[in-house]
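Reviewing the structure listed below.
The values are calculated or read from the model by the stated rules, or taken from the named source; none is laboratory data. Not measured: the values here are computed from a predicted model. Cβ sites come from the backbone with ideal geometry, for glycine too, and all protein chains shown count toward neighbours.
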């Protein structure tokens, strides 16, 4: 599973929250790939995902949170995806 935090440089909220979010993801998803993407350097990719405001969070190339989730919201979404994957044998 690939989790991408899309942010802009100097985003105080991004910096304050990203470690907690990454920690939750690492606890729940074995082999997870975490990327922090500066939209000023990857603007085309952010547009492709449909990012309209920052910070945002994508999972496996899909914009899942148009605004930064709480660690609890991210955990809930990851558990849902993991259960869905287990149900489908992936």
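Looking only at the stretch 44-64, residues that are within 10 Å of the chain's Cα centre (by Cα) and part of a loop (DSSP other than H, G, I, E, B) come to 3 in all.
Restricting attention to the stretch 1-43, the residues that are without any contact (Cβ under 8 Å) to a residue 40 or more places away in the chain, in contact with a strand residue (DSSP E or B) (Cβ under 7 Å, 6 or more places away or on another chain), surrounded by 13 or more Cβ atoms within 10 Å (Cβ to Cβ) and in a loop (DSSP other than H, G, I, E, B) add up to 2. Scanning the stretch 65-87 for residues that are assigned to a strand (DSSP E or B), touching a strand residue (DSSP E or B) at 6+ places or on another chain (Cβ under 7 Å) and surrounded by 12 or more Cβ atoms within 10 Å (Cβ to Cβ) turns up at least one hit. Output the residue which, of all residues in the stretch 44-55 that are touching a strand residue (DSSP E or B) at 6+ places or on another chain (Cβ under 8 Å) and modelled with pLDDT under 95, is nearest to residue 76 (Cα to Cα). Per the stated criteria, the residue is 55.
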